[in-house]
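Presented below is the structure to which this report refers.
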Ligand SMILES: [Mn+2]
Ligand SMILES: [Mn+2]
């Protein structure tokens, strides 16, 4: 007989062709925005946008080459996968230039065919491709201005890292006038609002990653090591989805580790052995042609929620769903964060885990004890896509809110993660127990039950639409959906069958 | 019925415990070598070896954290997997110190438990663990000298990358005397000769990777994409072997790509669709607790060698085997390189592909047309392990030889790759056809047959023993072994059964 538990094909997906028109469109959008900005401040419509692509890095002093991944702003405008390029756009004409490295002859022996500029012109759909060593001359040739041509260089703060982008560096920069301040906010704002073609890629990354999460759910067993589930995820997205990169290092946290928000790095490397009764919190997302996904699923390792696990899980799911029901253009993200916090606190209060007046808890920012991170962040070519504090917005200082990666009003075609969580973190609970005010909110006896619980996070990638939002992530979210899928049911569930099994009309 | 083609368990292996004594032994070895060196030059036995471990890197201006991998010299001496450490060794007493970063309180929320120094003292088996900010004071306290303590810092050339190692950088370096020249050659030489415990790890990395190569051979089919085989390899070594890192980016070259020596990087990303009749050249190796492997298998995608494929494959295999039969302490690596070249040329001559006097070809360095790379390199914590040009050896200038990563005499307990190859590379063949002398060596009619052939490489990791060598790699190498394994036979082959099938006593 056929002993395979899941008779479906390994994947319903296959990697789509990448439309380079996407990047041509991104360039057009930038040029229009830049012209508008110059016009609004009565500056002449002239100059070139100049960006430097990333370089391949070697590890420490060795010749070990790290797998190259293009710098994100450069990827946005040019879609180039090779290292060592420069790119320029003529603001007045909209013409685009790529400058490619002149490779030594033995590149052909060691690294592959040396492709002519015409190859890159066709692949990347730009107007002109020349060598990097011709950059200064070509930009001068293409300038109609008397005097030095103006270069708009990319320099500005990344508000997640607190690092500044590195402006393009060329010899003979003295042959140009340079503007370091205009480009960064305008280009960043272009990235905040996604085009249809960008959304298709983010949707694909979500489809692949959702499917891989389900594969992980089906194959998880106690006795496995956390990294084995990471390996299953990575294999699924690469083998079937063509995704060589993930958006970030996989967080495969089980048991108490699920209370460590960014578990999985080299010092906490997904190496615990899974135990019967553990919750798993798996935050993993693949990237396809630079565009990413960022998805968290939480579920019991043995496929069956306990009563306590349902309590915490459903508190987080209620918050997730409340936010999705409220999201639409004009809504402020701080309010969504507070809505999630409040929904979680209400659930915990209903279960007697916290005690007292919810408004007082909110005033005290008590929700940050259970959800110390922000509700979500923009998502695109970077996992923490830039622009969260555009327009001179200032980061809040209060617990919970200070961790928000954006506090902006939602606009149509933004993509933002919705990732409420509820964690039992000693480093936060112990001080909360000692504080006179917050200690009163905590039911110590109930809290004891959750001491080793870890945490739950549910994270979806959500598109803001004209009149609401659309969830791009497609994972089982209800506890009974998760249990059914982990037991081998196909996803999406067969609604008719499930309804009769659950006696509910949820499906 | 059971339709599974390979009824074996997925893996016969499981990740071993890592003995931290390995690194204690490495430190002892360094201290002894350093003392001998100081004594030999009549310098006092005093001072501290001071190394700086690697730091976690973020991608460009973003907060995207790259998965941290320790700097190799630091890994050698301390085995530390976490970023941000310093390490020191007191040359006189042999005592070892680790300096750990003082982490902010919110590390516990985001990245995990803040472990006390005692935790690292036990894990890494050093004599003292204190915080990085105590480094200057502690080294002063532990110095018996009047005046400034002496620091031996790591500064020297990596002869593969031509980069220099970055010496430890601390504030208040002016409170120490520093020596930048003594440590690097001595520590590098320690790394060249492997201990038993190091060899066990290199053997394990080889076992896991050999097994994964076989899994790839069994699952390869025309119509697949090259990266799908990369994914199968990566999954096997991580899922079953616990290897999160590979020694280098997988080279999954098929068809003409197999003539590109370092295929597989971002600009040539393993994305070709496999065709019926292709040769595959897969160069992939996993790393376990820093120690790596570097293995190449070449085989026909459809599992059955053509006559032409056998010709080239067996020419390379003969070279591989000739070198293994000749390796022993005292043998010069240049001679091994030439032996491989000559063996390949003789095979090609027997088949009428090249014509003329082999000695004249060797004199002309004609073998480098078919094998432009060096025969092999030291292997250890780095894929191209350092020390290949120790003792002031100078790199040769001739074709082929100039690509050698070492030209040293072999010593017992060195580990070196043996990776002869034979490639049909237009960038080399076209000039060779034009050159008056080398053109005469080439049978143009025969060469036509191999125009789109690509290339073959066979790479094993080999330990030099007291009276010969030992191959640590365990992959099918004979064409009939490869065909049997690709058809589903277990590996190692069942000798009795195979013998009767082949009518040979090779097995
Ligand atoms: Mn996220
Ligand atoms: Mn090698």
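Read-outs: derived from the displayed coordinates by stated rules, not from any lab. The structure displayed is predicted, hence computed values, not measured ones. Cβ atoms come from the backbone with ideal geometry, glycine included; neighbour counts cover every protein chain shown.
Taking the alpha carbon gyration tensor of chain A, multiplying each eigenvalue by 5 and rooting it gives semi-axes of 44, 28, 20 Å, largest first. Taking other C-beta atoms within 10 angstrom as a stand-in for reagent exposure, A:182, B:417 fall in the order A:182, B:417, fewest first. Distance from the axis that maps chain B onto chain A is least for the Cβ of the chain B residue given, with the whole Å value, as B:235, 2. Reported to the nearest whole Å, the Cα centre-to-centre distance from segment B:111-130 to segment A:312-376 is 38. In terms of its C-alpha gyration tensor, segment B:369-507 has an oblate overall shape, because the principal axis ratio a/c (a ≥ b ≥ c, square roots of the eigenvalues) is not below 1.5 and a/b does not outweigh b/c. Placing a label point 7 Å from Cα along the Cα-to-Cβ axis, residue A:44 is separated from the same position in the other copies by 7.1 nm, shortest listed first.
Let me know the shape class of segment B:70-190, please: from the alpha-carbon gyration tensor, a ≥ b ≥ c as square roots of the eigenvalues, rounded when a/c is under 1.5, otherwise prolate if a/b is greater than b/c, or oblate.
Working: a/c = 1.78, a/b = 1.27, b/c = 1.40.
Here segment B:70-190 falls in the oblate category.
Once both labels are modelled 7 Å past Cα along the beta-carbon direction, what's the residue B:45-residue B:448 spacing in nm? Roughly 7.4 nm, to one decimal.
Please determine, in degrees from 0 to 90 and to the nearest 10, the orientation of helix A:21-40 with respect to the longest principal axis defined by the Cα atoms of chain A, where the helix direction is its Cα long axis. With rounding to tens, the tilt is 70 degrees.
As a check on your grasp of the helix formula, calculate [θ] at 222 nm for chain A: sum -39500 (n - 2.57) over DSSP H runs of n ≥ 4, divide by the residue count, round to the nearest 500. -10500 deg cm²/dmol, from helical runs alone.
Using 0.36 nm times the number of residues separating residue B:131 and residue B:360, minus their current alpha carbon distance, what extension gain do you get? Don't jump to the answer; show the numbers that get you there.
Working: separation 229, 0.36 × 229 = 82.44 nm, distance 6.38 nm.
Here the answer is 76.1 nm.
Placing dummy labels 7 Å off each Cα toward the beta-carbon, the span from residue B:409 to residue A:14 is 6.0 nm. Shape of the protein assembly as shown from the C-alpha gyration tensor: rounded (a/c under 1.5, with a ≥ b ≥ c the square roots of its eigenvalues). Between the Cα long axis of helix A:226-239 and the first principal axis of chain A there is an angle of about 50°, rounded to the nearest 10. Each part gets one Cα centre, and for segment B:196-266 versus segment A:67-100 those centres are 32 Å apart.
What separates the residue B:308 label point from its copies, with the point 7 Å along Cα to Cβ, is 6.8 nm, written shortest first.
With label points defined 7 Å past Cα in the direction of Cβ, position residue A:164 shows copy-to-copy spacings of 2.8 nm, given to one decimal and shortest first. Between residue A:307 and residue B:141, the modelled labels are 5.4 nm apart [label points 7 Å from Cα along Cα→Cβ]. To test your reading of the geometry: what angle, between 0 and 90 degrees and rounded to tens, separates the Cα axis of helix B:333-350 from the longest principal axis of chain B? For helix B:333-350, the angle is close to 10 degrees. The slack between residue A:163 and residue A:181, meaning 0.36 nm per residue of separation minus the straight C-alpha distance, is 4.9 nm.
In terms of its Cα atoms, segment B:47-136 spans 44, 25, 23 Å along the principal axes, sorted from long to short.
Note on chain B: antiparallel DSSP beta bridges, both residues inside, total approximately 80 percent of the bridges counted. Subtracting the Cα-Cα distance of residue B:33 and residue B:55 from their residue separation scaled by 0.36 nm leaves 5.1 nm.
Shown is the FRET efficiency for residue B:273 and residue A:439, computed with R0 = 60 Å from the Cβ-Cβ distance and rounded to the nearest 0.05: 0.40.
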